[in-house]
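Engineer: Mind looking over this structure? Questions follow.
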Amino acid sequence: MTSLPPSEFNPRVPSIYDPRLVIEEDEDSSIIKAYYNATTENSRLAEIPESQAERDKVLLLKVDANFCTMYPINVRRDKHDYLKPKYGTLTSITLESEFFGLPTTVEAVAELLTELPEGFSKQFQYGLGLKWEYRFIPQTVSNIPSINALIIDESKEVRIDGNRYILGLPRYHQLRRALKYHLPAISE
């Protein structure tokens, strides 16, 4: 297990309370799991030194050669749903693509995040998922009964497959642009 040291993403919070990115390889080394690892609220309030502080560890990302699955979480400590799914019943967003290699270091995972499509949050400190201005996409999908996964693939399709809402990347970008410019998302 390796971890990325705290960053300076929020200078108002002392660095010992900043979250860390921690990665682990699956037993067969085909999947990398990345975790959001932050000092627990009790340790933070008690001002326990970092070396002795308890830490929360929540799955944030799974990556293999063809998929990158994010588990968006709320990371604001002042909210009742801290470390819970950011989009309610929609618990994962998967990007299907062959451009994802298997990152084997924390730095490689952080680099992979910078390569996510436009509109995605690329800093693990903010819980991943979509940027705030595009939150309506996953929020709308989460309102569909029995859907708990959003899959963004290379197709041009939009469909439901079991508990998964599949959205083609071109359609995703069309929706994102429509939200950005407040345009209707209808095309073709």
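Engineer: Failed condition for ARG177, given (1) farther than 17 Å from CYS68 by Cβ; (2) over 18 Å from the mean Cα position of the chain (by Cα); (3) in contact (Cβ under 8 Å) with a residue 12 or more places away in the chain, with all others met?
Structural biologist: Failed condition: (3).
Engineer: Now, a different point. Of all residues in region 76-105, count the ones that are within 15 Å of the chain's Cα centre (by Cα), modelled with pLDDT of 90 or more and not polar (S, T, N, Q).
Structural biologist: Qualifying residue count, region 76-105: 10.
Engineer: Among what's in region 49-85 and is basic (Lys, Arg) and more than 30 Å from LEU169 (Cβ to Cβ), pick the residue that is surrounded by the fewest Cβ atoms within 10 Å (Cβ to Cβ). Let's see the steps before the verdict.
Structural biologist: Residues of region 49-85 basic (Lys, Arg): 55, 57, 62, 76-77, 79, 84.
Among the residues that remain, those that are also more than 30 Å from LEU169 (Cβ to Cβ) are: 55, 57, 77, 79.
Numbers: ARG55: 16, LYS57: 14, ARG77: 13, LYS79: 10.
Result: LYS79.
Engineer: For region 14-24, state whether one or more residues are among the basic types (Lys, Arg), at pLDDT 85 or above and within 22 Å of SER121 (Cα to Cα). Quick ask: steps written out before the conclusion?
Structural biologist: Pass one, region 14-24, residues among the basic types (Lys, Arg): 20.
Of the ones still in play, those that are also at pLDDT 85 or above are 20.
So of that shortlist, the ones also within 22 Å of SER121 (Cα to Cα) come out as 20.
Taking every residue of region 14-24 in turn, at least one turns out to be among the basic types (Lys, Arg), at pLDDT 85 or above and within 22 Å of SER121 (Cα to Cα).
Engineer: Taking the options GLU111, GLU107, GLU96, name whichever one is acidic (Asp, Glu) and either surrounded by 14 or more Cβ atoms within 10 Å (Cβ to Cβ) or under 15 Å from ILE31 (Cβ atoms) (or both). Break it down stepwise before answering.
Structural biologist: Details: GLU111 fails: either surrounded by 14 or more Cβ atoms within 10 Å (Cβ to Cβ) or under 15 Å from ILE31 (Cβ atoms) (or both); GLU107 fails: either surrounded by 14 or more Cβ atoms within 10 Å (Cβ to Cβ) or under 15 Å from ILE31 (Cβ atoms) (or both).
Result of the check over GLU111, GLU107, GLU96: GLU96.
Engineer: Among the residues of region 113-146, what is the count of those that are under 16 Å from GLU96 (Cβ atoms) and charged (D, E, K, R)?
Structural biologist: 1
Engineer: Could I ask something else about it? Check whether at least one residue in region 65-78 is touching a Phe, Trp or Tyr at 6+ places or on another chain (Cβ under 7 Å), outside any loop (DSSP other than H, G, I, E, B), under 21 Å from ASN143 (Cβ atoms) and not acidic (Asp, Glu), and report yes or no.
Structural biologist: yes
Engineer: Looking at GLU111, GLU96, GLU118, GLU107, which is the one that is touching a His at 6+ places or on another chain (Cβ under 8 Å) and either over 18 Å from PRO19 (Cα atoms) or of a type outside the set (Phe, Trp, Tyr) (or both)? Give the steps one after another, and end with the answer.
Structural biologist: Working: GLU111 fails: touching a His at 6+ places or on another chain (Cβ under 8 Å); GLU96 fails: touching a His at 6+ places or on another chain (Cβ under 8 Å); GLU107 fails: touching a His at 6+ places or on another chain (Cβ under 8 Å).
Result: GLU118 is the single residue among GLU111, GLU96, GLU118, GLU107 that is touching a His at 6+ places or on another chain (Cβ under 8 Å) and either over 18 Å from PRO19 (Cα atoms) or of a type outside the set (Phe, Trp, Tyr) (or both).
Engineer: Is there any pair with a first residue in region 53-64 that is touching a residue at least 40 places away in the same chain (Cβ under 8 Å) and a second that is among the polar types (S, T, N, Q) and in a strand (DSSP E or B) whose Cβ atoms are under 8 Å apart and which are 6 or more apart or on different chains, and what are they?
Structural biologist: Close Cβ pairs (under 8 Å, with a partner that is among the polar types (S, T, N, Q) and in a strand (DSSP E or B)) amount to LEU61/THR69; VAL63/THR69.
Engineer: Output yes when any residue across region 122-130 is on the phi < 0 side of the Ramachandran plot and touching a strand residue (DSSP E or B) at 6+ places or on another chain (Cβ under 7 Å), and no when none is.
Structural biologist: Going residue by residue through region 122-130, those that are on the phi < 0 side of the Ramachandran plot are 122-126, 130.
So of that shortlist, the ones also touching a strand residue (DSSP E or B) at 6+ places or on another chain (Cβ under 7 Å) come out as 124, 130.
Yes, some residue in region 122-130 is on the phi < 0 side of the Ramachandran plot and touching a strand residue (DSSP E or B) at 6+ places or on another chain (Cβ under 7 Å).
The values are calculated or read from the model by the stated rules, or taken from the named source; none is laboratory data. Treat the numbers as computed from the prediction; the structure is a model and nothing was measured. Here the Cβ is made from the backbone with ideal geometry for all residues, glycine too, and neighbour counts use every protein chain on show.
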